[in-house]
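Taken together, the values in this text are just the output of simple stated rules run on the coordinates, not laboratory data. From a predicted model like this one, the values you see are computed outputs, not experimental measurements. Using ideal geometry, Cβ is built from the backbone for each residue, glycine included, and neighbour counts are taken over all protein chains shown.
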Amino acid sequence: MFDRLIQFAREQYRTKEFIPLHAPVFGGREREYVLETVDSTFVSSVGAFVDRFENDMAAYTGSPRAVATVNGTAALHVALRLAGVGPGELVLTQALTFVATCNAIAYCGAEPVFVDVDRHTLGLSPGALRRWLEENALIGDDGLCRASADGKIVRACVPMHTFGHPADLDALVAVCAHWNLVLVEDAAESLGSLYHGHHTGTFGALGMLSFNGNKIITTGGGGMILAGEALGARAKHLTTTAKKPHPYEYVHDEVGYNYRLPNINAALGCAQLERLDAFVEAKRVLAGRYASLFEGSDLRFVTEPDGCRSNYWLNAVVCEDGAQRDALLEATNRAGVMTRPIWALMNRLPAYAHCRKGEMANAEWLESVVVNLPSSVLPEFL
Ligand SMILES: *Cc1c(COP(=O)(O)O)cnc(C)c1O
């Protein structure tokens, strides 16, 4: 099977050279738009591409507002601040995620609480979330959710749409509403993915996207906050040094952040966004071919949850056990076909080892058996 996988990757990418996990693709107007910013000198904090990128992204996702930031971590940091997350508070999330999710929580002075994921979505499990809350939290007289052990406020919940596959959003929305938690979606990996016909990142009070170099579209580095009108306006203010509009005076009415996306990066983003639908289509074709390749084998290809259309940002297989996973990683990487294990669980990292957590059987199992496969847009779609 490993040999067939290596041969498959070489055929799909039509190369005998090294095949990366995910490489960006610039086949559209990227060069033209970026040169426009250079020629005009508007490469930095002033320029039309930022507004255009934000408006285009709002229109694409159906979010009332979209606010561009320097990276996805910054977007999540500000989204959490706007969700009201403050020092000494708790935020429920999954341990099976990229470290940025937890870092953004920590920047607010808050602490992540880890609960399990579901096996079919790889995303936060509404059942595990409800169980942790029932066993460890209460709603106080003030209506706020608090940890029963020490009264700390449980402010928000951050599900992550792993590899682009939407988490079980309807159920998560319901649990969050019941426990008065602000839902903030980490949709960094799932731009273009739909849950029951609606874009991920638009189900919570706030959502965020990433345009890092390895994501489905890139601005070099960049991110976006998705929100309604009121929170979107607050996000714009906070990410642009909290400056009040004035013809010449410097009036900053609170401690803001210098998190605005530069115009040169937004130019790249505008061109990439024009190609996004084609990228999603191409990645879904590749996923279909992987699914056929693994059919009847002892490796299970990860497919989109029912009722969802996934962007298949990163393709993945579930091995039978850790030994098979190690053999797969070894054989493919030795052959110049890049594959990677899933992240180590966040509760294993020194910064987050002390954090509260529920039982995590699914996350622990997935951690030991999941492998990501080459997922860049195929050359035939360029
Ligand atoms: C990429 C990513 C982010 C944000 O990353 P940046 O590099 O800061 O843009 C956040 N969460 C997850 C799950 C990610 O994969």
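Before moving on, here are some points about what is shown:
- Boolean, Leu191 is surrounded by 19 or more Cβ atoms within 10 Å (Cβ to Cβ), within 16 Å of the ligand (Cβ to nearest atom), in a loop (DSSP other than H, G, I, E, B) and of a type in the set (A, V, I, L, M): yes
- Lone unmet requirement of (1) surrounded by fewer than 22 Cβ atoms within 10 Å (Cβ to Cβ); (2) in contact with a Gly (Cβ under 8 Å, 6 or more places away or on another chain); (3) among the aliphatic types (A, V, I, L, M) for Ala156: (1)
Table: residues versus (1) touching a residue at least 40 places away in the same chain (Cβ under 8 Å); (2) within 16 Å of the ligand (Cβ to nearest atom); (3) surrounded by fewer than 22 Cβ atoms within 10 Å (Cβ to Cβ); (4) closer than 24 Å to Gly27 by Cα.
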{"residue": "Phe211", "(1), (2), (3), (4)": "yes, yes, no, yes"}
{"residue": "Pro262", "(1), (2), (3), (4)": "yes, yes, no, yes"}
{"residue": "Ala266", "(1), (2), (3), (4)": "yes, yes, no, yes"}
{"residue": "Glu281", "(1), (2), (3), (4)": "yes, no, yes, yes"}
{"residue": "Cys308", "(1), (2), (3), (4)": "yes, no, no, no"}
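- Breaking point among (1) loosely packed, with under 14 Cβ neighbours inside 10 Å; (2) among the hydroxyl-bearing types (Ser, Thr, Tyr); (3) touching a residue at least 40 places away in the same chain (Cβ under 8 Å), for Thr15: (3)
- The lone exception for Val251 - which of (1) in contact (Cβ under 8 Å) with a residue 40 or more places away in the chain; (2) of a type outside the set (Phe, Trp, Tyr); (3) more than 16 Å from the ligand (Cβ to nearest atom) it fails: (1)
- For region 366-382, the set of residues classified as of a type in the set (Asp, Glu) and closer than 28 Å to Asp118 by Cβ consists of Glu367 only.
- Here region 87-129 is the region considered, the condition is being in contact (Cβ under 8 Å) with a residue 40 or more places away in the chain and aromatic (Phe, Trp, Tyr), and the residue that is surrounded by the most Cβ atoms within 10 Å (Cβ to Cβ) is Phe114.
- Filter result for Ala79 (within 16 Å of the ligand (Cβ to nearest atom), closer than 22 Å to Gly220 by Cβ and within 19 Å of the chain's Cα centre (by Cα)): yes
- Residue list for region 176-188, restricted to those being buried (at least 24 other Cβ atoms within 10 Å of the Cβ) and either among the hydroxyl-bearing types (Ser, Thr, Tyr) or away from the ligand (no atom under 16 Å from the Cβ) (or both): Cys176, Leu181
- Qualifying residue in region 202-209 (condition: within 16 Å of the ligand (Cβ to nearest atom), assigned to a loop (DSSP other than H, G, I, E, B) and closer than 14 Å to Ala68 by Cα): no
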